[in-house]
Structure formats: structure tokens, C-alpha cells
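Structure first, then comments.
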Amino acid sequence: MVAIFLVITIYTVVVINQHGMGLLEVFFRDMLAMGWPGQFNLDFMCFLVLSALWLSWRHDFSGAGLALGVCGFFGGALFLSVYLLVVSYQVNGDIKVLLLGEKRSAVA
């Protein structure tokens, strides 16, 4: 998780320095062009949606869960790598609790 966070952070800083903050324009323009870069962006956006839904669901669609979902959608792997690292320590590496949350893992 630390390696993912560091690689994405460094890469993002370099891209911002070279190209500015125009991500959304490029992202959606590629999708509208109906080429391979757009296909990749659409596929990636679906992963972001799944990440956001999982985070929100894991936290029972509470206010905090919805906020985490928004962070997961817009923060991508940068956010999710930190979230998974922190929560994996909080649950002492118990993958069942990590994936399902406290309440669901106690029932399952």
C-alpha cells in the first residue's frame, strides 16, 4: 500500500508540473473520442464507482461512509491505498473484518 501511494503521488506531481490540473477535460475528451484511451478511462471509472460503493456499503451508507465513498471515487488508488493500510492495522490484519466491516464480519 505504501509503494502504491508513493508511486501514484510522485507520478501525479510530475504530471501536474508538466501538464497542469486539466485531468477531467482530458479524461472525458478521451472517452468521447471512442478510442482505446477512452475505453481505459471508462473501465477505470467503473472501478472507481465500485470502490465508492464498497466504501459506502462497508460503513453502512452512513454520512461518514458516503463521504469515504466520495473520497474513494475522486481519490482513486491514492486514497484507497491509505484507507486499506490504516484499516488493516485497525483490524489487526483480519481480512474478513477489513472487507466486511465489524458488524457484518461478526455475523458471517
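The values are calculated or read from the model by the stated rules, or taken from the named source; none is laboratory data. This structure is a prediction, so every number in the text was calculated from the model and none was measured. So basically every Cβ, Gly included, is an ideal-geometry build from the backbone, and we count neighbours across all protein chains shown.
Based on what the data block shows, is G76 under 18 Å from the mean Cα position of the chain (by Cα), surrounded by 13 or more Cβ atoms within 10 Å (Cβ to Cβ) and at negative phi?
Considered against the rule, which asks whether it is under 18 Å from the mean Cα position of the chain (by Cα), surrounded by 13 or more Cβ atoms within 10 Å (Cβ to Cβ) and at negative phi, G76 comes out as no.
What single numbered condition from (1) exposed (fewer than 14 other Cβ atoms within 10 Å of the Cβ); (2) within 9 Å of the chain's Cα centre (by Cα); (3) not hydrophobic (A, V, I, L, M, F, W, C) fails to hold for G63?
G63 satisfies all of (1) exposed (fewer than 14 other Cβ atoms within 10 Å of the Cβ); (2) within 9 Å of the chain's Cα centre (by Cα); (3) not hydrophobic (A, V, I, L, M, F, W, C) except (2).
Checking the conditions here, which among L53, L66, L32, L80 is aliphatic (A, V, I, L, M) and over 30 Å from E102 (Cβ atoms)?
L32
Hey, could you check region 1-60 for residues that are closer than 30 Å to V107 by Cβ and among the aromatic types (F, W, Y) and say which is farthest from the chain's Cα centre (by Cα)?
The extreme case among them is W57.
Across region 5-43, what is the total count of residues that are closer than 25 Å to V86 by Cβ, among the aromatic types (F, W, Y) and exposed (fewer than 12 other Cβ atoms within 10 Å of the Cβ)?
1
The conditions are (1) surrounded by 15 or more Cβ atoms within 10 Å (Cβ to Cβ); (2) modelled with pLDDT under 95, and A106 fails exactly one of them. Which is it?
Failing condition for A106: (1).
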